[in-house]
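The values are calculated or read from the model by the stated rules, or taken from the named source; none is laboratory data. Since the structure is predicted, the reported quantities are computational estimates derived from the model, not experimental observations. Heads up, the Cβs are rebuilt from the backbone with ideal geometry, glycines too, and the neighbour counts pull from every protein chain shown. Areas reflect the complete protein model, heavy atoms only, side chains present, ligands, DNA and RNA absent. Shrake-Rupley method; radii C 1.70, N 1.55, O 1.52, S 1.80 Å.
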Amino acid sequence: MERVVINNPAVGIDLEQLQNQFNNEWWDGFLTKTKNMTIPAILPTSLSREQTRILRRYILDILAEVGCVHKEKYGYRLWIDGKQVLDLEDHFSRHPRPDEDAEEWVSRAFGEKKFGVILNRGEKFSEELSQATALMLEPILKKIGMPTEGILYTIFVGNYDMTPLGIHRDFAGKSVLHFHLGPGPKTMYVWEDDDYKTGPEENRFNNMNIEKHLPHATKHTFGEGEFYFMPENKYHLGMQNELSIGIACWFFNRCDYDFANQLLERFRSNYLKNSRVMLKPDKKPVDDISTVEPILSLFDLPGGGDVGIKSLLGSIYKDFRYSLFSNAGFRNRPIPRSKDVDIKRGDRVYADLPYKIVCREAEELGHFDLFVRGTKVTLRNFQGLDQIVDRINNQKMVDVNQLVEAMDDPLAEQKVCYLLKMLHKHRGISLV
């Protein structure tokens, strides 16, 4: 199904204004206040009330899309009155409507109950929210470099007394910038390892026995429009007694060993063919390993398998880097458009800032790799393909007819329109 479009066109956020607000000077101040992203800090009054209202609308639209289309597919989690709800069908049927704000939706969907919603991989959904976030973050990525595993964000919505996960620590290497959209405030308690002392009867992770630990934490309370930063590997707990909505934007860097395992997982995903052939006991002599040959053939490796493992893992990392750079640093690519469009010579197309289509020659002779919003697509190369990509990346608007006429090829229209159709499917370009 195509994405559910619930946004009111009159409620779009001013992207140019966001770029002007979150400029190099703002991010220099951020790095100063957080001591180069090493200490927790609140960045006051970062967003206006009008901006937070619009961003809350985008999040309500995401919840509506998930409820109508995706359901539990992307790990949607819900707690009501402190208990996780596993059957979400009734909840999804009460998704936000376009004519109600956050408070009205909460009143209709939950009444007086306390609830919490956590949705990971939020960057996969709303184009509007992802673009706004990407434009805000663009300068900081140029300053600090690309996080090893990119950026991802989690959406938090709720009026629960405390985070349903209790005192916990996120995956190692994930520092977070919390965009707080209100309307109510939120308090984050943070513990250094030495200050968080748990007894033998307690769970150190997801600890719900919080009262005795609160005096030993540092307390950070932030309101609507403020940002909160927390460095990686900190035990923490979020608390609030009013409705609040936030975007937790994670800068993801694991330790080297964990990332090496991630590369091996990508190796398995990319090159290991699926098979359900059952093996039998091996009757051959101990030095005869021929039984493993058909098993090794399940690895569909480039170059007939003559590529060294280190070189191959390096290529996997390079692909991952290209994906991140094409998607403004976001780890998760957006959901592709499910409906193909017929692109004609009279159409005009553009690429949304700050995304870039990144391309290179493919390993397969005569082919080209295109990285489009995190998706790798390999096409047969044709003369002028790289110039078309450059024009799309460097111009705000491109006439399809001009792209066709610039090529000395009787099949120019067919090739250009096919290329643009593919880019549109993966949200690399939009049509006017």
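Do any GluC sites (Glu not before Pro) in the stretch 79-185 lie in a loop, going by DSSP, with at most 11 other beta-carbon atoms within 10 Å of their beta carbon, and if so which?
Details: sites: Glu89, Glu100, Glu103, Glu104, Glu112, Glu123, Glu127, Glu128, Glu149; in loops: Glu100, Glu112, Glu149.
Answer in residue order: Glu112.
By a 1.4 Å probe calculation restricted to protein chains, Lys35 has an accessible surface near 130 Å², given to the nearest 10.
What shape does the stretch 1-140 have by the C-alpha gyration tensor, where a ≥ b ≥ c are the square roots of the eigenvalues, rounded means a/c under 1.5, and otherwise prolate means a/b greater than b/c and oblate the rest? It comes out prolate by the Cα gyration axes.
Overall, the chain carries a charge dipole of about 420 debye about its Cα centre when +1 sits on the Cβ of Lys and Arg and -1 on the Cβ of Asp and Glu, all other atoms neutral. Calculated from the structure, Rg/Rh (Cα atoms, Kirkwood Rh) equals which of (1) 1.14; (2) 1.01; (3) 0.96? Comparing each candidate, only (2) matches the computed number. The residues Leu15, Leu370, Leu353, Leu243, sorted by heavy-atom accessible surface at 1.4 Å with ligands and nucleic acids left out, run Leu353, Leu15, Leu243, Leu370 from largest to smallest. Toward the positive end of the charge dipole of the stretch 332-431, with +1 on the Cβ of Lys and Arg and -1 on the Cβ of Asp and Glu, the farthest Cα among Ile357, Ser430, Leu379 is that of Ser430.
Sorting Glu361, Glu293, Glu138, Glu413 on solvent-accessible area from highest to lowest, probe radius 1.4 Å, gives Glu361, Glu293, Glu413, Glu138. Think of the stretch 160-210 as having a plus end and a minus end, set by charges on the Cβ of Lys, Arg, Asp and Glu; of Ile167, Asn203, Leu181, Leu181 sits farthest toward the positive end of this dipole. A 1.4 Å probe, protein heavy atoms only, puts the accessible area of Val358 near 40 Å².
Directionally averaged projected area (the stretch 122-164, Cα convex hull): 4.4 nm². Quick check: Cα centre of the stretch 127-167 to Cα centre of the stretch 249-272, how many Å? So the separation of the two Cα centres works out to 20 Å. The Cα atoms of the stretch 68-208 give a gyration tensor whose axes a ≥ b ≥ c have a/c of 1.5 or more with a/b no greater than b/c, which makes the shape oblate.
Report the charge-dipole magnitude of the stretch 332-431 in Debye, nearest 20, computed about the Cα centre from +1 at each Lys and Arg Cβ and -1 at each Asp and Glu Cβ.
Values: 17 positive and 15 negative charges, 124 e Å.
Dipole magnitude for the stretch 332-431 comes out near 600 debye.
Bridge orientation summary for the chain: considering DSSP beta bridges with both residues in this region, about 100 percent are antiparallel. Give the shape of the stretch 175-292 as rounded, prolate or oblate, defined through the alpha-carbon gyration tensor: a ≥ b ≥ c are the square roots of its eigenvalues, a/c under 1.5 means rounded, and otherwise the shape is prolate if a/b is larger than b/c and oblate if not. Because a/c hits 1.5 or more and a/b exceeds b/c, the stretch 175-292 counts as prolate.
With 23 Å as the limit, write out which pairs from Lys318/Lys415; Lys356/Lys415; Lys114/Lys197 have Cα-Cα distances beyond it, or answer none.
Details: Lys318/Lys415 27 Å; Lys356/Lys415 20 Å; Lys114/Lys197 29 Å.
Pairs exceeding the cut-off: Lys318/Lys415; Lys114/Lys197.
Roughly how many percent of the accessible protein surface of the stretch 332-431 is carbon and sulfur, given a 1.4 Å probe and a whole-percent answer?
Details: 2420 of 5340 Å².
For the stretch 332-431, the apolar C and S fraction of the accessible surface comes to 45 percent.
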